[in-house]
Amino acid sequence: MIRLGNGLYVCHLNGHILKVVYKGNNECEIYLGDEFQGRAPFDYVKKKLSLMEKRWSTSKIQKYQYKELHPTVNQLI
């Protein structure tokens with residue numbers, strides 16, 4: 001989750017952009033894309049989004065090593 005300022009947080013999960021707007025008193029509004037989804041406790045949302053980011057992290061993906069392609073030809077005729 002990235003804090004942009006003025007209580008605006010942005011999170012990118014699984015191809016979707018989530019915007020969390022902190023309103024004060026531990027309350028926030030959640031937007032999926034630009035569509036309002038609802039209000040929730042800020043500490044709960046931040047904790048869950050951080051957990052989801054760790055689970056879906058692409059840092060665990062190792063670089064794929066290409067191997068040379070050896071064509072096999074059946075020579076029995």
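Here is a yes/no grid of residues against (1) of a type in the set (S, T, N, Q); (2) modelled with pLDDT of 70 or more; (3) out of contact with any Phe, Trp or Tyr (no Cβ under 7 Å at 6 or more places or on another chain); (4) loosely packed, with under 10 Cβ neighbours inside 10 Å:
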{"site": "V10", "(1), (2), (3), (4)": "no, yes, yes, no"}
{"site": "H16", "(1), (2), (3), (4)": "no, yes, yes, yes"}
{"site": "D34", "(1), (2), (3), (4)": "no, yes, yes, yes"}
{"site": "G38", "(1), (2), (3), (4)": "no, yes, yes, yes"}
{"site": "F42", "(1), (2), (3), (4)": "no, yes, no, no"}
{"site": "L69", "(1), (2), (3), (4)": "no, no, yes, yes"}
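Taken over segment 1-23, the criterion of being in a strand (DSSP E or B), over 11 Å from the mean Cα position of the chain (by Cα) and in contact (Cβ under 8 Å) with a residue 12 or more places away in the chain is satisfied by L8, Y9, K19, V20, V21, Y22, K23. Among residues of segment 31-49 that are assigned to a helix (DSSP H, G or I), those with a Cβ under 7 angstrom from a residue that is polar (S, T, N, Q) and open to solvent by less than 70 Å² (accessible area, probe 1.4 Å), sequence gap 6+ or separate chain, pair up as F42/N26; D43/N26.
The values are calculated or read from the model by the stated rules, or taken from the named source; none is laboratory data. Nothing here was measured: the structure is a model prediction, and the numbers come from that model. FYI the Cβ positions are ideal-geometry reconstructions off the backbone, even for glycines, and counts take in every protein chain you see. Just so you know, the surface numbers come from the protein's heavy atoms only, side chains and all, with ligands and any DNA or RNA stripped out. Shrake-Rupley method; radii C 1.70, N 1.55, O 1.52, S 1.80 Å.
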